[in-house]
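Novice: To start, I am sharing the structure in question, which I have written as structure tokens.
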Amino acid sequence: MDMLKELIDLLTCRELDPEELAELVASIENAGDDPDLDWMDDPSPEELIQNAIVFKLVNHLAVGDKIDEVHEQVSDFFAEPLADFPRHANGRGYLPDEYFAWLDPLLAERGKDGGGYRLMLLDDSFSDQLNALLVWRKDTARVLELAGALALSIESSTERSLGHRPVM
């Protein structure tokens, strides 16, 4: 299995049938011909693939410019919703780093195989929004390895540095 195909399979929690996976990977590989991505000004192959992944996996992503918006969408992925967005005693919502630390053990408890989930963050070059998706926890290291080999910006929410975008 080539690296991009394996990465997409892992980013979709292996939920796609082989034909769907092949079609999705082909659409990402051929992103240079995609009219939805024509707006990109002379992108590198990595930028094109990165943005195509964000566009093509939109049904798997939680997207928002505020962390509480992302929380609601992540919660919606589950039949049994997550606890409400956490707040400090003074009513102030958690900052992203605090939120991700709070969320991680909750996601570890979810999932049919007992291994739980991890929230991964995908960068894009066209917005300041946060793009997050759930992967199986046991697949996290492989997702990061494949993303690194493909020069893509995908990181675990618990290991991110937050200095470059407003997500409060």
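Novice: In debye, nearest 20, what is the charge dipole magnitude of the range 111-154 about its Cα centre with +1 on Lys and Arg Cβ and -1 on Asp and Glu Cβ, if you could check?
Specialist: 300
Novice: Let me ask another. Note down the accessible area of Arg87, probe 1.4 Å, to the nearest 10 Å².
Specialist: Arg87 has an accessible surface of roughly 130 Å² with all protein chains in place.
Novice: Pull up the cross-link candidates among the aspartates and glutamates for Lys66, meaning alpha carbon to alpha carbon under 12 Å and not fewer than 8 places away within one chain.
Specialist: By straight Cα distance, Lys66 reaches Asp128.
Novice: To continue, here is another question. How far is it, in nm, from the label point at Asn59 to the one at Arg14 when both lie 7 Å from their Cα along the line to the Cβ?
Specialist: Here the modelled spin labels are 2.0 nm apart.
Novice: Can you tell me how much longer the chain between Asp41 and Phe78 gets when fully stretched, taken as 0.36 nm per residue apart minus their C-alpha distance, in nm with one decimal?
Specialist: 9.6 nm
Novice: A further question follows. Note down the accessible area of Lys138, probe 1.4 Å, to the nearest 10 Å².
Specialist: It works out to around 130 Å².
Novice: What percentage of the solvent-accessible surface of the chain, computed with a 1.4 Å probe over protein heavy atoms, is contributed by carbon and sulfur atoms?
Specialist: 48
Novice: Can I ask one more? Tell me the angle of helix 18-29 to the major Cα principal axis of the chain, expressed in degrees between 0 and 90 and rounded to the nearest ten.
Specialist: 80
Novice: Can you give the calculated 222 nm mean residue ellipticity of the chain, where each DSSP H run of n ≥ 4 adds -39,500 (n - 2.57) and the sum is split over every residue, rounded to the nearest 500 deg cm²/dmol? Mind dumping the intermediate values first?
Specialist: Details: 6 runs with 66 residues, N = 168.
Helices in the chain give a 222 nm mean residue ellipticity of -12000 deg cm²/dmol.
Novice: Suppose R0 equals 35 Å. What FRET efficiency, 1/(1 + (r/R0)^6) with r the Cβ-Cβ distance, do Ser27 and Thr158 give to the nearest 0.05?
Specialist: Values: r = 30 Å, r/R0 = 0.86.
Working from the Cβ atoms, E equals 0.70.
Novice: Also: State in Å² the accessible area per residue of the chain; use a 1.4 Å probe, count heavy atoms of protein chains only, and round to the nearest integer. Numbers along the way, then the final one.
Specialist: Working: 8690 Å² over 168 residues.
Spelled out: the 1.4 Å probe surface of the chain, per residue, equals 52 Å².
Novice: For the chain, build the charge dipole from Cβ charges (+1 Lys, Arg; -1 Asp, Glu) around the Cα centre, then report which of Leu146, Leu7, Leu95 sits farthest towards its positive end.
Specialist: Sorting the options by dipole projection puts first Leu95.
Novice: Whole-Hz ³J(HN,Hα) for each residue in the range 76-85, computed from phi via Karplus 6.51 cos²θ - 1.76 cosθ + 1.60 with θ = phi - 60°, x for glycine and proline: what do you get?
Specialist: After applying 6.51 cos²θ - 1.76 cosθ + 1.60, I find 5, 5, 9, 5, 9, x, 6, 4, 4, 3 Hz.
Novice: Mind grabbing the accessible area of Val58 for me, 1.4 Å probe, Å², rounded to tens?
Specialist: 80
Novice: Could you order Tyr99, Tyr94 so the one with the most accessible surface comes first? Probe is 1.4 Å. Before the final figure, lay out the partial values.
Specialist: Details: Tyr99 0, Tyr94 55 Å².
Ranking Tyr99, Tyr94 by accessible area, largest first, yields Tyr94, Tyr99.
Novice: Between Ser127, Ser27, Ser157, find the one with the highest GNM mean-square fluctuation for the chain; connect C-alpha pairs within less than 10 Å.
Specialist: Of Ser127, Ser27, Ser157, the most mobile in the Gaussian network model is Ser127.
The values are calculated or read from the model by the stated rules, or taken from the named source; none is laboratory data. None of the values given here were measured: they were computed from a predicted structure. Cβ sites come from the backbone with ideal geometry, for glycine too, and all protein chains shown count toward neighbours. Areas reflect the complete protein model, heavy atoms only, side chains present, ligands, DNA and RNA absent. Shrake-Rupley method; radii C 1.70, N 1.55, O 1.52, S 1.80 Å.
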